[in-house]
Amino acid sequence: MAIDTPKWLKNSVIYEVFVRNYGNAGTFTDIYNDLERIKALGTDIIWFMPFYPIGKVNRKGTHGSPYAIKDYENITPEIGSKDYFMKLIDKAHENGLKVMIDIVFNHTSQDSKLLETHPEWFLKDEYGNIKRKVESWNDVYDLDYSNRELWDYLINVLYGWVNIGVDGFRCDVAPLVPIEFWKEARERLNQNKEIIWLAESLDLNFIYSLRKEGYNVHSDAEVYQAFDLTYDYDGFDYLRSYFRGEKDLSFYLNHLFLQQTMLPTNSIKMRFLENHDNPRIASVLNGKDKIKNWSVFYNLLPGASLIYAGQELMFDKLPNLFEKDPIKWNNGDYEFLSFFKKIVNKCKEIKSECDDFNIREISKGILEIIWSNEEKEYITILNLEDRYGEIPVDFSVYGIDLLSNEIISIEKKFTIRKSPLIIQVNKRNSSWGE
């Protein structure tokens, strides 16, 4: 973790929006009118996916990938103007929200403004042809960081967005860009303002395959030299494998331990169940009770929590990145929204109060999570596999369930519940650990 990382990020909530598909209009107005609701979810940071002009050469779909950017310095007119974005930033700040924007500095569109003005800034093969590291990304070309002038230009781009009020950057495939660039960018920009730096770090197989091709791709441990937060992709593949029935949950729980021991002290992960690159969790898991338990699970893991717009209403359809495909807000599950809002805020409060975290599987699919401080313990029991029946336990607990306000007493045996339990125990009255 960078030495000047703000401490509040360790229990922060990030809300991801894709302007084109947020509402029917597909403009900044949709988000402007919804900021109070977004804030009430427990959100600290609103992250805008790319809103820049998109390239036309080899465009994916009708509207193109937002990550094939033609011009880093402007906003695509169909989404809104820079003046309106500044107005949106002001309202976000009034509501206590930080504003983070997507930065895509590994590559540009194949017809980008930079390709016209500075073709020498692009990665080339031995024959002088412009290329990319990942062949399947066939709508982009990669930038070449051996050009020092490119560094200065890109850092000036960041200054431009900070000067209109932006508070942070989510940096796309950050490990593919030299860490020395990110360190210099951070050092220069953070001199005058607290800037939040989130790295989209990569899953382990992706890093391995690119390194085998001879590319210098950074691990999460390296990325923390310049970033406050990184994605949980180093462990998320274990969760995906679990959802597919290929691996036990213990693989992911063990990786949580590795993160706590192999990454720099106090490193902050951004936890998620879904994002714009991964399926909606409601399309992966069957049943609302299971989704409720998993929602508590990821929000109680150490680190920041991500909400992908629409997740809070249990939508199962992932909006298409390349088409106009707005979220149908009226079709959401509003009972789930009420639950989700409550647990996001409660989990955030627990993590802000406590530093000591423990997690274990007490029976197949039944997890116990403990957050504690000197005065209190929060003992969470989750039913991640929709199980039922009675199981033996090696602990005794007496306290209040913060979700139902019910008094809970557990001794030697536990009758599995469909709903999650978050039990608050005052240590002086607890028989925990005796």
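The values are calculated or read from the model by the stated rules, or taken from the named source; none is laboratory data. The model shown is predicted, which means the values in this text are computed figures rather than measured ones. When we count neighbours, we look across all protein chains shown, and the Cβ atoms used for this are built from the backbone with ideal geometry, even at glycine. Accessible surface is based on the protein model in full, side chains and every heavy atom, while ligands, DNA and RNA are left aside. Shrake-Rupley method; radii C 1.70, N 1.55, O 1.52, S 1.80 Å.
ILE268 meets all of the listed conditions (1) within 25 Å of ASP167 (Cβ to Cβ); (2) of a type in the set (A, V, I, L, M, F, W, C); (3) crowded, with 21+ Cβ neighbours inside 10 Å; (4) touching a Phe, Trp or Tyr at 6+ places or on another chain (Cβ under 8 Å) but one, namely (4). For segment 245-254, the criterion of being open to solvent by less than 60 Å² (accessible area, probe 1.4 Å), more than 30 Å from VAL17 (Cβ to Cβ), part of a helix (DSSP H, G or I) and among the hydrophobic types (A, V, I, L, M, F, W, C) is met by at least one residue.
Close Cβ contacts (under 8 Å, 6 or more residues apart or on different chains) running from residues in segment 226-250 that are within 24 Å of SER363 (Cβ to Cβ) and among the small types (Gly, Ala, Ser) to residues that are open to solvent by less than 10 Å² (accessible area, probe 1.4 Å) and not in a strand (DSSP E or B) comprise GLY235/TYR252; GLY235/LEU256.
Checking segment 359-372 against the condition returns no match, with no residue being within 28 Å of TRP47 (Cβ to Cβ), of a type in the set (Ser, Thr, Tyr) and modelled with pLDDT of 95 or more. GLN260 - would you say it is open to solvent by 20 Å² or more (accessible area, probe 1.4 Å) and polar (S, T, N, Q)? So GLN260 passes the test.
Whether a residue is in contact (Cβ under 8 Å) with a residue 40 or more places away in the chain and buried (at least 19 other Cβ atoms within 10 Å of the Cβ) was assessed, and ILE343 passes this test. Yes or no: HIS93 in contact (Cβ under 8 Å) with a residue 60 or more places away in the chain, open to solvent by 10 Å² or more (accessible area, probe 1.4 Å) and not acidic (Asp, Glu)? Yes, satisfied.
So that you can scan it fast, the table gives a plain yes or no per residue for (1) aliphatic (A, V, I, L, M); (2) part of a loop (DSSP other than H, G, I, E, B); (3) open to solvent by 30 Å² or more (accessible area, probe 1.4 Å); (4) farther than 19 Å from ASN275 by Cβ:
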| site | (1), (2), (3), (4) |
| --- | --- |
| TRP47 | no, no, no, no |
| LYS56 | no, yes, yes, yes |
| ARG59 | no, yes, yes, yes |
| SER65 | no, yes, no, no |
| GLU73 | no, yes, yes, yes |
| THR76 | no, yes, no, yes |
| GLY80 | no, yes, no, yes |
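If you go through segment 141-175 and pick out every residue that is assigned to a strand (DSSP E or B), of a type in the set (A, V, I, L, M, F, W, C) and under 24 Å from the mean Cα position of the chain (by Cα), you end up with 2. Please tell me if TYR72 is in contact (Cβ under 8 Å) with a residue 24 or more places away in the chain, touching a helix residue (DSSP H, G or I) at 6+ places or on another chain (Cβ under 7 Å), among the hydroxyl-bearing types (Ser, Thr, Tyr) and more than 14 Å from THR27 (Cα to Cα). Yes; evaluated as a whole, the condition is true for this residue.
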